[in-house]
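Participant: Take a look at the following structure, please.
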Amino acid sequence: MTQSLVYDAAERLFADLATSEVVNTAEAGTWPAELWSAVTEAGFLDALGDSLDGLADAVDVLRSAGRHAVPLPLTETMLARWLAKRAGLALPEGPLALVVEGPEDRLELSRTGGDWRLSGAARGVPWARNARGLVVSTGVVVAVVAPVSARIEHGKNLAGEPRDDITLDLELDARFVADAPMDAGAAVVYRLAALFRATQMSGALEEALQLAVTYAGDRVQFGRPIAKFQAIQQQLALAAEQVAAAGVAVASAVSAAGSGDLAFAAGAAKLRVGEAAGKVCDIVPQVHGAIGFTHEHRLHQLTRRLWSWRDEFGLESAWALELGRLMASQGADGIWPFLAQR
């Protein structure tokens, strides 16, 4: 994938502040305040722009964040700020959690007189315990909720990142609820979240491959680097193939989303990157040998996130079904033209 000035700036910032020690400390429960302040000051949280005009910049930031296993709610805060701004809602400063109605969660926002009532539950909400505000997207309505108004049960994913279960049952003042624009409903937000998570995964895949290539070049066995052995070369080539395919899938999705084809593009990207993650996470620890399975080596910070992120904002099987339905809706004569345009 090509590099931009935004990507280079993100790489410099994350290389300095998102060290392995910071990631491990965050997994133990300490909020990385210095890293968050630097990200805020850099303006990365508003990279998305007003109407997805900054999608390419946002993706560059997230790809770099994935490479460095950045322990922050970047996807969630970016999308929450974008959504609230589109809906004309005020937000607190600080990290935000995004509660978006998806296939497995049901949220109900109803109006009674001048007030609104929000009820329902969402599982595995990223970073809810650290959020200054919960931005809820259901149907075509957006609401901003104070975390103290929700029941939050702490949980973690395989990577040690907060994934909390939320139960909502409260009345909201009309000042904190607004209709979402037609192009910013819950379905759109969910697809953007899937694309953003796929982007983080593509960055993590790139770094995992680079670690394996570097290790294979450095590790000497039987008098020569193991990278000289054909079996290792073959495994690295297979991993590189998957990493390249993941990068192309994300880049294609960003291009397609800019032309209004988000429904197909985001699902295809999340599906393809998820498949790549499964294969690369099988290969790179084996190339590293025993050291690749230890906590001291950085590889686990990437592979555990890849396994975790693969399950978030839609499994590959769920997106495969969604894409199948979308293509079937074109009719027998429309499937090929539909695919040929993408």
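The values are calculated or read from the model by the stated rules, or taken from the named source; none is laboratory data. Owing to the predicted nature of the structure, the values given are computational and were not obtained by experimental measurement. So basically every Cβ, Gly included, is an ideal-geometry build from the backbone, and we count neighbours across all protein chains shown. Calculation scope for accessible area: heavy atoms of the full protein, side chains included, ligands and nucleic acids excluded. Shrake-Rupley method; radii C 1.70, N 1.55, O 1.52, S 1.80 Å.
Participant: Just one of the numbered conditions (1) modelled with pLDDT of 90 or more; (2) closer than 30 Å to residue 258 by Cα; (3) surrounded by fewer than 18 Cβ atoms within 10 Å (Cβ to Cβ) is not true of residue 183; which one?
Facilitator: (1)
Participant: Determine which single condition residue 244 fails, assuming it passes every other condition in (1) under 25 Å from residue 83 (Cα atoms); (2) out of contact with any His (no Cβ under 6 Å at 6 or more places or on another chain).
Facilitator: (1)
Participant: Shifting gears a bit: Residues that are under 19 Å from the mean Cα position of the chain (by Cα) and closer than 22 Å to residue 128 by Cα: list the helices (runs of 4 or more DSSP H) wholly contained in segment 3-106 that include at least 3 such residues.
Facilitator: Details: elements: 5-17, 20-27, 33-42, 55-67, 74-87.
Per the criteria, 20-27, 33-42, 55-67, 74-87.
Participant: Which of the residues belonging to segment 162-177 are open to solvent by 80 Å² or more (accessible area, probe 1.4 Å) and in a strand (DSSP E or B)?
Facilitator: 169, 171
Participant: Consider segment 210-259. How many of its residues are without any contact (Cβ under 8 Å) to a residue 12 or more places away in the chain and of a type in the set (Ser, Thr, Tyr)?
Facilitator: Residues that pass the stated criteria total 3.
Participant: Please go through segment 119-135 and give me each residue that is hydrophobic (A, V, I, L, M, F, W, C) and over 19 Å from residue 30 (Cα atoms), ordered by number.
Facilitator: The first filter runs over segment 119-135 and keeps only residues hydrophobic (A, V, I, L, M, F, W, C), leaving 121-122, 125, 127-128, 131, 134-135.
Result: 121, 122, 134, 135.
Participant: Could you grab the pairs with beta carbons closer than 7 Å, sequence gap of 6+ or different chains, first residue in segment 290-314 and more than 21 Å from residue 73 (Cβ to Cβ), second one of a type in the set (Ser, Thr, Tyr)?
Facilitator: Listed pairs, sorted by first residue: 298/20.
Participant: Further question on the same structure: Would you confirm whether any residue within segment 68-77 is open to solvent by 10 Å² or more (accessible area, probe 1.4 Å), under 27 Å from residue 16 (Cα atoms) and modelled with pLDDT of 95 or more?
Facilitator: Let us first name the residues in segment 68-77 that are open to solvent by 10 Å² or more (accessible area, probe 1.4 Å), namely 68.
The next check asks that each one be under 27 Å from residue 16 (Cα atoms); those that pass are 68.
Cutting the leftovers down to modelled with pLDDT of 95 or more gives us 68.
For segment 68-77, residues open to solvent by 10 Å² or more (accessible area, probe 1.4 Å), under 27 Å from residue 16 (Cα atoms) and modelled with pLDDT of 95 or more: present.
Participant: When residues of segment 148-165 are filtered for being among the hydrophobic types (A, V, I, L, M, F, W, C) and within 16 Å of the chain's Cα centre (by Cα), how many remain? Break it down stepwise before answering.
Facilitator: Here is the first cut: in segment 148-165, the residues among the hydrophobic types (A, V, I, L, M, F, W, C) are 148, 150, 152, 158-159.
Remaining after also requiring within 16 Å of the chain's Cα centre (by Cα): 158-159.
Number of matching residues: 2.
Participant: Quick one: is residue 65 surrounded by fewer than 19 Cβ atoms within 10 Å (Cβ to Cβ), out of contact with any Lys or Arg (no Cβ under 7 Å at 6 or more places or on another chain) and at pLDDT 90 or above? Walk me through it before giving the result.
Facilitator: Numbers: surrounded by fewer than 19 Cβ atoms within 10 Å (Cβ to Cβ): no; out of contact with any Lys or Arg (no Cβ under 7 Å at 6 or more places or on another chain): yes; at pLDDT 90 or above: yes.
Taking the combined requirement at face value, the residue does not satisfy it.
Participant: Spot the failing condition for residue 21; the list is (1) touching a residue at least 24 places away in the same chain (Cβ under 8 Å); (2) under 30 Å from residue 299 (Cβ atoms), and only one is missed.
Facilitator: Looking at each condition in turn, residue 21 falls short on (1).
Participant: I've got another one for you. Please pick out the residue among 143, 122, 159 that is out of contact with any Pro (no Cβ under 8 Å at 6 or more places or on another chain), more than 16 Å from residue 98 (Cβ to Cβ) and open to solvent by less than 10 Å² (accessible area, probe 1.4 Å).
Facilitator: Numbers: 143 fails: more than 16 Å from residue 98 (Cβ to Cβ); 122 fails: more than 16 Å from residue 98 (Cβ to Cβ).
Within the list 143, 122, 159, the selection yields 159.
Participant: If you check every pair at least six apart or on different chains, which have Cβ atoms under 8 Å apart with a residue in segment 24-38 that is open to solvent by 60 Å² or more (accessible area, probe 1.4 Å) first and a residue that is not charged (D, E, K, R) second?
Facilitator: Short answer, once both residue conditions are applied: 25/32; 28/160; 31/130; 34/17.
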